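The values are calculated or read from the model by the stated rules, or taken from the named source; none is laboratory data. Since the structure is predicted, the reported quantities are computational estimates derived from the model, not experimental observations. Neighbour counts run over all protein chains shown; Cβ positions are idealised from the backbone, glycine included. These area figures cover heavy atoms from the full protein model, side chains too; ligands, DNA and RNA do not enter into them. Shrake-Rupley method; radii C 1.70, N 1.55, O 1.52, S 1.80 Å.
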Amino acid sequence: MKFFVDTADVEELRSLVETGFVDGVTTNPTLIARSGRDFEATIAEICSFVAGPVSAEVTALDLDGMLAEGRHLAKIAPNVTIKVPLTVDGLKACRSLTQEGTSVNVTLCFSAAQALLAAKAGATFISPFIGRLDDVGETGRNLIQEIVEIYRNYPEFETQILAASIRHPLHVVEMARMGADVATIPPKILRQLYDHPLTDKGIEMFLSDWKKTGQKILSK
Ligand code: G3P
């Protein structure tokens, strides 16, 4: 399972890359707005130190606009993935950009039928938003299960399931159990994956007992 980081915070990203757990990055207009930085400069900077796919989202809603924006953004770096919304024009843009050799992430997926369309349109990634489904009283993980089942039935589909809108560590575990190809994880949640109170307690106990021995490793 690949871990992408869902952020446009370049400094945060640099420190996460050092952990060795960052396989790619996703951004969206909200994350760019939150960063307060220039969109294209931010994508270029991220691509300079992240080797994996870096998603940059178009904001046009019509086909011609999406294609123009997508082609423009794709020139920033070879690892830019163009993010398009799951609409009629978005999937037309997905098909064209894919045929041109550009990687495409179809975003804002909330149903298995939508994920089926994205795969047929040749998407590189489909992004089901599991947290936002949970927010409205549906069950995000059921959607992932359905998409995994459908895609497995058709080996010709090459679309990777990129679970998005991850809200807590358990979401990551659930996605891994179901076989999602990628989880795009907010920085705070990626850091939480390390945590368990018994790990902290165990370290404390071991160090306290070690102190009693009076020994030091590397002292000889
Ligand atoms: O990047 C898309 C997705 O991960 C957004 O998540 O938390 O805004 O629902 P969220």
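Worth a mention:
- The residues listed here are 25, 17, 80; of these, the one that is aliphatic (A, V, I, L, M), closer than 20 Å to residue 160 by Cβ, more than 14 Å from the ligand (Cβ to nearest atom) and within 18 Å of the chain's Cα centre (by Cα) is 80.
- Identity of the residue in region 141-171, under 17 Å from the mean Cα position of the chain (by Cα) and among the basic types (Lys, Arg), that ends up nearest to the ligand (Cβ to nearest atom): 167
- Selection of region 175-189 for residues being within 16 Å of residue 21 (Cα to Cα) and open to solvent by less than 10 Å² (accessible area, probe 1.4 Å) yields 182, 183, 184, 185.
- Checking every residue in region 198-218 against the condition of being polar (S, T, N, Q) and open to solvent by 100 Å² or more (accessible area, probe 1.4 Å) gives at least one match.
- When 56, 60, 8, 77 are screened for being open to solvent by less than 60 Å² (accessible area, probe 1.4 Å), touching a strand residue (DSSP E or B) at 6+ places or on another chain (Cβ under 6 Å) and either at pLDDT below 95 or outside any helix (DSSP H, G or I) (or both), only 56 passes.
- Selection of region 88-117 for residues being farther than 21 Å from residue 148 by Cα and in contact (Cβ under 8 Å) with a residue 24 or more places away in the chain yields 89, 90, 92, 93, 95, 96, 97, 98, 100, 102.
- Scope region 29-54; condition in contact with a Gly (Cβ under 8 Å, 6 or more places away or on another chain) and within 14 Å of the ligand (Cβ to nearest atom); matching residues: 53, 54
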